[in-house]
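Here the structure comes first, spelled out in structure tokens, and everything after it is commentary.
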Amino acid sequence: MKAIKFLGKVFVVAALIALIVLGVTTLQKFATEPRDAYLQGQMEARRVLVAGKVPGRVERLFFREGDMVEKNAIVAIIGSPEIEAKKMQAQGALGAARAQASKAKNGARSEDITALKAMADRAQDAANLAKSTYDRVQKLYNEGVLPLQKRDEAETQMKASQSAADAAKAQYDQALAGARSEDKAAANALVLQAKGANAEVDAYLEETKIRAPIAGEVSVKLVEEGEVVGSGMPVVAVTDLEDSWAVFHLREDMLKNVSKGKVFMMYIPALAAHIDMEVSYIASVGDYATWRSSKESGGFDLKSFEVRMRPTKKIENLRPGMSVLFPVDQIQ
């Protein structure tokens with residue numbers, strides 16, 4: 001019985017010793033075995049804040065977060081009664097300017113021209129009669145029948161009648177010729193000015209329809225229907241998932257093997273996939289300094305540079321914000 005208990009104790013002690021040896025061996029292996037080192041970056045994508053030029057109240061929003069939107073699609077409509085009123089004013093001014101230009105182009109009405117012609121003919125008949133009367137008076141004066149006073153009166157009447165006939169003829173000719181070229185040019189200029197004002201209001205009305213400048217996914221909705229927005233205030237944010245890149249910050253001592261156009265293999269933990277990425281941008285100026293000891297007695301600051309890399313091909317389900325791991329052994 002005592003021998004069995006003794007053997008049991010020996011077995012337990014041996015098991016504990018074996019476990020301790022196994023644990024120490026495992027820790028030693030883990031501590032001495034080389035491990036992969038990574039630089040961690042993050043995916044980013046082009047994002048556009050979609051805004052309008054005119055202030056007003058949001059009448060309708062056509063998209064929500066997560067919806068896909070095409071380029072130039074209407075994402076929201078802004079209501080602006082002030083612009084509608086200006087549109088009516090501009091249309092009225094354009095109509096008035098066109099009427100003025102038409103009046104200058106067409107000249108006097110046919111009825112007015114007929115009346116002026118009748119007046120000119122009547123004045124010319126009176127002038128002809130006065131001329132005949134003067135001729136007769138002159139003949140009688142030459143024969144000594146009438147005094148000089150009567151001849152002068154007949155001559156004055158003849159000249160006055162002819163002047164009246166000339167004036168009536170000039171009014172008729174003016175009505176027949178229409179407005180002056182300067183008046184026509186001024187009327188046409190007013191039409192152009194009114195058209196410009198009308199086109200400006202139409203442009204503002206078009207701006208009440210806020211359109212997406214790019215195709216992508218609506219990532220943020222910044223306003224709700226019924227809210228008042230100011231000029232340039234964004235209503236939604238659209239993210240172009242097709243235009244994405246990874247951002248890293250590398251110390252300057254790691255840049256010796258990194259250059260634009262060079263391709264590296266990255267690991268995306270969220271997709272559990274390795275993908276090739278090409279260096280597309282290296283910052284021309286370092287952002288900040290990271291201190292690293294270069295010798296035992298001192299050290300110096302190492303600047304960090306932003307580096308952007310783009311996938312060499314389209315990657316499904318790759319989204320902004322995902323972590324990207326850059327194996328350090330590729331740049332050592």
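The values are calculated or read from the model by the stated rules, or taken from the named source; none is laboratory data. Being a predicted model, the structure only gives us computed values, none of them experimental. Don't worry about glycine lacking a Cβ; one is built from the backbone with ideal geometry, like all the others, and counts go over all protein chains shown.
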If we ask which residues in region 255-274 are within 38 Å of the chain's Cα centre (by Cα) and over 17 Å from ASP329 (Cβ atoms), their number turns out to be 6
Filter region 137-175 for residues that are under 19 Å from ASP121 (Cβ atoms) and of a type in the set (Asp, Glu); the one that is modelled with the lowest pLDDT is ASP173
If you go through PHE248, PHE264, PHE326, the only one that is outside the structural domain of PHE63 (by TED's automatic domain parsing), touching a helix residue (DSSP H, G or I) at 6+ places or on another chain (Cβ under 6 Å), modelled with pLDDT of 90 or more and not basic (Lys, Arg) is PHE264
Q.
Being surrounded by 12 or more Cβ atoms within 10 Å (Cβ to Cβ) and in contact with an Asp or Glu (Cβ under 9 Å, 6 or more places away or on another chain): is that true of ALA246 here?
A. yes
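Suppose we filter region 190-222 for residues that are β-branched (Val, Ile, Thr) and either at pLDDT 90 or above or assigned to a strand (DSSP E or B) (or both); how many remain?
The total comes to 4.
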By residue number, the members of region 267-307 that are at pLDDT 75 or above, surrounded by 13 or more Cβ atoms within 10 Å (Cβ to Cβ) and hydrophobic (A, V, I, L, M, F, W, C) are ILE268, ALA270, LEU271, ALA273, ILE275, MET277, VAL279, ILE282, ALA283, LEU302, PHE305, VAL307
Sole miss for VAL58 among (1) out of contact with any Ser or Thr (no Cβ under 9 Å at 6 or more places or on another chain); (2) buried (at least 17 other Cβ atoms within 10 Å of the Cβ); (3) assigned to a helix (DSSP H, G or I) is condition (3)
